[in-house]
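Shown next, in structure tokens, is the structure this report addresses.
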Amino acid sequence: MSVSPPELKIADYGMGNLRSVAKAFEHVGVAATVSSDPGELAGASALVLPGVGAFPEAMREIERRGIGEPIRERAAAGVPVLGICLGMQLLFESSAEHGGAEGLSLLPGTVAPLAAPGLKLPHIGWAHLGIERESELTAGIADGEPFYFVHSLAARPLDTDVIATADYGERFAAVVGRENVFGTQFHPEKSSAAGLRMLANFAALATAPAAA
Amino acid sequence: MPLKRLIPCLDVDDGRVVKGTNFVDIRDAGDPVELAARYDAEGADELVFLDITASHEDRDTIVQLARRTADEVFIPFTIGGGIRSVADAQAVLDAGADKVGINSAALARPELIGELAAVFGSQCVVVAIDARRVPGAGSGPAWDVYVAGGRNRVEGREAVAWAVEAAERGAGEILLTSMDRDGTEDGYDLELTRAVAGAVPIPVIASGGVGTLDHLAEGIVDGGADAVLAASIFHYGRYSIAEAKRAMREAGIDVR
């Protein structure tokens, strides 16, 4: 069957490197547009929440721009959603960062500082991914493949939502997923070939015909 | 611990890659973006672009470079040279760079480090230090700080103390170049690298002097660096990134 090209939208809430994410999708043959328009985001057939920065400020911007509602609506409609780095953390119920804030609550769990006694924070650099269970997102990616991280906090999801972990003082959730909602704590758009593969895997979810 | 990093450096003049010997006698080694994409494909962990003539050039050139690189390269990259303000940094970060490198502007006005860290986060701020041994220093070694590509000594600055201050002001990384070794191919100044790596709580990138693959491992094992930077050994096709990573792995270093 033929499918229409995906309307992959990158939600712009004024935080971080949107251009790199868009270019990485383009590199794997997927057109991605950056938008902060609630109407445009509401029409997305796949949605990416990128982000570098602080959680409370990001949530304030999301609500101020009125894009929290279309994000929640799209997720509920079964559209693939991918949160990257801070964007992954925003998927959860709340974060302890900078006095704390409520998140988008698309996934159960909270976000808390990395327990990395004696180690430098933020955790910056390449770390091996430990794959915990099979997922469309990690198809073709070998257990142990390194990805690029920049973060000081980590999500505390349900064990059943953890797709892959990484280690920095503690084992933390590096890839999460529940039905159509996914998150990566690392930056796939900065993780070379393996990261591009993961973005292509995500985009394929938007083009795949819905399961019967 | 994060994996140790291998970082090819591309010195850029008017949009083209060059690499000097002791920062003179520069040679053209190609298009920076083409070279960067090749390094990414070969397994480089990160890239550093240093605009060596930025202070005299049109700022748009380096922003264009960041933009073109972000179109084709999918590993983190740093842009340094001629960044003097939050606005300068904003322009290259918006274009797709992940970090900015500052050197003489930070020495001229150390507050810049904190300003950049406050706006973009420490992880975006790399303070580059060009150090040269103080000749005949009495009690143990000491290193002066230089600017302008090693031409001018900065009065009243010692390299290790400056690295400590930069870290306290919010630098996320120190890019440490030995001006004595740069271009010599004799290997890193390991004493300098050890002194700085032992003094600061942030990652140190060793730079200046790589001539063989063994030098890379030395920078990490003996110098205590978190990352090693090299330029000319890769530019002229003498060694590939893959060969360099293999040599580091064989030396027992956990690399990507």
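Taken together, the values in this text are just the output of simple stated rules run on the coordinates, not laboratory data. What you see is a predicted model, and the numbers here were worked out from it, not measured in a lab. Backbone-built Cβ (ideal geometry, glycine too); neighbour counts: all protein chains shown.
Values as computed for the structure displayed
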{"item": "Counting DSSP beta bridges with both ends in region A:3-209, the antiparallel % (nearest 5)", "result": "60 percent"}
{"item": "Fraction of antiparallel bridges per DSSP, chain B only, in percent to nearest 5", "result": "30 percent"}
{"item": "Computed over region A:3-209: relative contact order in percent, which uses C-alpha pairs under 8 Å that are six or more apart", "result": "21 percent"}
{"item": "Kyte-Doolittle mean at least -0.5, axial Cα span of 15 Å or more - DSSP H helices of chain A", "result": "A:192-207"}
{"item": "For A:20, B:139, order by how many other beta-carbon atoms lie within 10 Å, fewest first", "result": "B:139, A:20"}
{"item": "Additional length obtainable on full extension of the chain from residue B:151 to residue B:61, 0.36 nm per residue less Cα span", "result": "30.0 nm"}
{"item": "FRET efficiency, residue B:115 to residue A:73 (Cβ-Cβ, R0 30 Å, nearest 0.05)", "result": "0.15"}
{"item": "Stretchable slack from residue B:165 to residue B:185, in nm (0.36 nm times residue separation minus alpha-carbon distance)", "result": "4.2 nm"}
{"item": "Per-peptide average of other Cβ atoms within 10 Å, ordering A:178-185, A:93-100 highest first", "result": "A:178-185, A:93-100"}
{"item": "Label-zone membership for region A:64-101, site residue A:57, 7 angstrom Cα→C-beta point, backbone N under 13 Å", "result": "A:98"}
{"item": "For residues of A:147-153, the mean tally of beta carbons on other chains within 10 Å", "result": "3"}
{"item": "Fewest-first sequence of A:160, B:78 by Cβ atoms within 10 Å of each Cβ", "result": "A:160, B:78"}
{"item": "Shielding score for A:19-29, defined as the mean number of other chain Cβ atoms within 10 Å", "result": "4"}
{"item": "Test item: A:123-129 mean partner chain Cβ contacts at 10 Å", "result": "6"}
{"item": "Segments B:66-73, B:239-246, A:55-62 sorted - mean Cβ within 10 Å per residue, highest first", "result": "B:66-73, A:55-62, B:239-246"}
{"item": "Two-decimal ratio, region A:3-209, of alpha-carbon radius of gyration to 2.2 N^0.38 Å", "result": "0.92"}
{"item": "Net dipole in debye of region A:3-209 [+1 Lys, Arg Cβ; -1 Asp, Glu Cβ; about Cα centre; nearest 20]", "result": "340 debye"}
{"item": "For region B:127-256, share of DSSP beta bridges that run antiparallel, in % to the nearest 5", "result": "40 percent"}
{"item": "Solvent-free Debye scattering, log10 I(q)/I(0), computed from the Cα coordinates of the protein assembly as shown at q = 0.05, 0.06 Å⁻¹", "result": "-0.18, -0.26"}
{"item": "Global geometry of chain B, whether rounded, prolate or oblate, following the gyration tensor of its Cα atoms and the 1.5 cut on a/c", "result": "rounded"}
{"item": "Expected 222 nm ellipticity per residue - DSSP helices of 4 or more, -39500 (n - 2.57), all of the protein assembly as shown, to 500", "result": "-9000 deg cm²/dmol"}
